[in-house]
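Let me begin by presenting the structure, written as structure tokens, before commenting on it.
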Amino acid sequence: MAKRIDVSGLSAYYGSVRAIEDISLTVEPRTVTAFIGPSGCGKSTVLRTLNRMHEVIPGTRVEGKVMLDDVDLYGAGIDPVAVRRTIGMVFQRPNPFPTMSIYENVAAGLRLNGVRGKSDTDGIVEQSLRGANLWNEVKDRLNKPGMGLSGGQQQRLCIARAIAVSPDVLLMDEPCSALDPISTLAIEDLIAQLKNEYTIVIVTHNMQQAARVSDRTAFFNIEGTGKPGKLIEIDDTPRIFANPSQRATEDYITGRFG
Amino acid sequence: MSLSHPSPIRKVKNSAAMVLMALAFLVALVPLISILWTVISKGLKSLNGDFLSHSMRNISPQQTGGGAYHAILGVLEQVAIAAAITIPLSLLVAIYLVEYGRGRLAQAVTFFVDVMMGLPSIVAALFVLSFWILGLGFHASGFAVSLALLILMMPIAIRSTEEMLRLVSSALREASYALGVSKWRTIVRVVLPTALPGIVTGMMLGIARIMGETAPALLLAGATDSINGNPFNGPQGSLPLFVYNSSQSSLQATIDRGWAAALTLIIIVMLLNLFARLIAWWKAPAAAR
């Protein structure tokens, strides 16, 4: 189920402004890759081009190739809606649907795409909630509103919702930055479990989190305001933190800027 | 400059401002209370079951008895038809403006909605008179009134629906897109349900507004004392028109009936508002209750 991502020559624009330039990297299946870099360097933009969410904003465009196994996601005739069904995303602020219960939230990806069959849905909801480490906490109140949970629980609900549609890849855009340390730990443990089944890419501005959680780390940087973000270095996590090959990476990791 | 002594002048200014605000509030309440008092005290004595269930057929103006049933039925039917046409149309326009419209068409639509907001009701009625009745040759009917009412309700409905849709956080739309849900499905299954309480309130406010419009009924409803349940054929009664006609008379019986009708109109509008609040409360995102 988990697939490999190959990015080559990727650039993304907001109108005429080039936000990221010539990004090339590979993400192996069943690994966790972290994108780190200072604010505004384009790491979220790169993430959003991977599941074609970038083009939801009006006036944007993307150049280059993103290969999912052997399919170019930006090829002619590829349906962006179908791409987003195979590549799931979890956002910085938990965003459960407010009019839906916990059960309905997890089932939303299935129901809104027209999958019928209550018995199937029951099974998938339970499996997803177990997968997100939320089942035991909510199994007695599946019909209660999704908004009634704590921040950390809401984020795990969003993760359950994302994995309920069985994506090949899971993208996470700073999933813990709105959460307290205990919830953060819970989600990091969850990521360690999820990587056995999914390919995961996580954007984080917390370097220690990247060091804890990821197998490979990509460092992005920006030369100055108005300039596009670039990929400076991507390597195995222990090596990039102990012995980076680029000066800019070392400066960022040691806290000289960022 | 001392940190521990608030300047006495500031205290005085504070108190003066609070007194002014309280006074302003009371002054604003005066017309509301005096209207309610006047209408209730003058209308309550004639408001009874007979009044609500009889028309003016075969009752001459100086006789007591009779009622406004034909007028109540008329206004309810006219408003219902106007609302039935306006609600789906305004929903679609608002969805277009918020979710899809980017270019010149959206700007033009917004501009015309703004213009229509300020349209006087007599002008809307005149338009329907010249277009529907004089132009196309139809006769005075409840439906003609509905046409004018929907012109008046449409901009309010569009504007308030638009505001409610914009209030839905874009994070919710993104969550839905990220699940691989198409745009139209996202709008219908996520955005609209989330905005629903506000949309219902807006629609009810629009309905409450047109419920009391007299000009369309004056020009387009024709004149009748009898019950006409068919809004498409023949003159139909209208409650605001009933009130107006009663006010032109110097006969006590007629005047009494006019006050009772005015009270009925206010009660209907109030019930609608309560109903709107009930729906909004029931449908509110559960955590907000």
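The values are calculated or read from the model by the stated rules, or taken from the named source; none is laboratory data. Note that this is a predicted model, so its numbers are computed, not measured. In this analysis, Cβ positions are derived from the backbone assuming ideal geometry, glycine residues included, and neighbour counts consider all displayed protein chains.
In table form, for the structure just shown:
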{"read-out": "Answer residue from region B:194-217, given it is over 30 Å from A:ASP168 (Cα atoms) and within 14 Å of chain A (Cβ to nearest Cβ) and is surrounded by the fewest Cβ atoms within 10 Å (Cβ to Cβ) among those", "value": "B:LEU196"}
{"read-out": "Meets criteria (assigned to a helix (DSSP H, G or I) and under 15 Å from the mean Cα position of the chain (by Cα)) for B:ILE133", "value": "no"}
{"read-out": "Helices (runs of 4 or more DSSP H) contained in region B:1-103 and holding at least 3 residues assigned by TED's automatic domain parsing to the domain that holds B:GLY229, under 29 Å from the mean Cα position of the chain (by Cα) and of a type outside the set (D, E, K, R)", "value": "B:69-95"}
{"read-out": "Matching residues in region A:132-168 - criterion: being within 11 Å of chain B (Cβ to nearest Cβ) and of a type in the set (D, E, K, R)", "value": "A:LYS144, A:ARG161"}
{"read-out": "Candidate set from region A:46-62 (those that are part of a helix (DSSP H, G or I) and within 14 Å of another protein chain (Cβ to nearest Cβ)); member that is nearest to A:GLN208 (Cα to Cα)", "value": "A:LEU47"}
{"read-out": "Tally, over region A:14-44, of residues that are within 14 Å of chain B (Cβ to nearest Cβ) and closer than 21 Å to B:ALA171 by Cα", "value": "1"}
{"read-out": "Residue under evaluation A:VAL115, criteria (1) more than 9 Å from chain B (Cβ to nearest Cβ); (2) more than 13 Å from B:VAL181 (Cβ to Cβ), criterion not met", "value": "(2)"}
{"read-out": "Residues of region A:145-155 that turn out to be closer than 18 Å to A:ILE124 by Cα and surrounded by fewer than 22 Cβ atoms within 10 Å (Cβ to Cβ), as a count", "value": "0"}
{"read-out": "Residue satisfying condition, being out of contact with any Lys or Arg (no Cβ under 8 Å at 6 or more places or on another chain), under 24 Å from A:ILE163 (Cα atoms) and without any contact (Cβ under 8 Å) to a residue 40 or more places away in the chain, within set A:VAL66, A:VAL46, A:VAL71", "value": "A:VAL71"}
{"read-out": "Residue within region B:136-151 that is in contact (Cβ under 8 Å) with a residue 24 or more places away in the chain and either within 14 Å of another protein chain (Cβ to nearest Cβ) or of a type in the set (Asp, Glu) (or both) present", "value": "no"}
{"read-out": "Matching residues in region B:172-186 - criterion: being assigned to a helix (DSSP H, G or I) and either among the hydroxyl-bearing types (Ser, Thr, Tyr) or buried (at least 20 other Cβ atoms within 10 Å of the Cβ) (or both)", "value": "B:ARG173, B:ALA175, B:SER176, B:TYR177, B:ALA178, B:THR186"}
{"read-out": "Matching residues, region A:63-91, being at the interface with chain B (Cβ under 9 Å from one of its Cβ atoms) and surrounded by 19 or more Cβ atoms within 10 Å (Cβ to Cβ)", "value": "A:VAL83, A:ARG84, A:ARG85, A:ILE87, A:GLY88, A:MET89, A:VAL90, A:PHE91"}
{"read-out": "Test: residue in region B:248-265 that is within 16 Å of the chain's Cα centre (by Cα), in a helix (DSSP H, G or I) and either of a type in the set (A, V, I, L, M) or not assigned by TED's automatic domain parsing to the domain that holds B:VAL123 (or both)", "value": "yes"}
{"read-out": "Unmet criterion (only one of (1) free of Cβ contacts under 8 Å to residues at least 40 places away in the same chain; (2) buried (at least 23 other Cβ atoms within 10 Å of the Cβ); (3) closer than 30 Å to A:VAL62 by Cβ; (4) not hydroxyl-bearing (Ser, Thr, Tyr)) for A:CYS158", "value": "(1)"}
{"read-out": "Identity of the residue in region A:231-258, touching a residue at least 40 places away in the same chain (Cβ under 8 Å) and of a type in the set (Ser, Thr, Tyr), that ends up surrounded by the most Cβ atoms within 10 Å (Cβ to Cβ)", "value": "A:TYR252"}
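Every residue, every condition in (1) charged (D, E, K, R); (2) in a loop (DSSP other than H, G, I, E, B), yes or no:
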{"site": "A:TYR13", "(1), (2)": "no, no"}
{"site": "A:ILE20", "(1), (2)": "no, no"}
{"site": "A:THR26", "(1), (2)": "no, no"}
{"site": "A:PRO29", "(1), (2)": "no, yes"}
{"site": "A:TYR74", "(1), (2)": "no, yes"}
{"site": "A:ARG84", "(1), (2)": "yes, no"}
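Conditions (1) buried (at least 18 other Cβ atoms within 10 Å of the Cβ); (2) within 30 Å of B:LEU271 (Cβ to Cβ); (3) in contact with a strand residue (DSSP E or B) (Cβ under 9 Å, 6 or more places away or on another chain), marked per residue:
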{"site": "B:ALA22", "(1), (2), (3)": "no, no, no"}
{"site": "B:ALA28", "(1), (2), (3)": "no, yes, no"}
{"site": "B:LEU32", "(1), (2), (3)": "no, yes, no"}
{"site": "B:SER41", "(1), (2), (3)": "no, yes, no"}
{"site": "B:SER55", "(1), (2), (3)": "yes, yes, no"}
{"site": "B:GLN63", "(1), (2), (3)": "no, yes, no"}
{"site": "B:GLN78", "(1), (2), (3)": "yes, yes, no"}
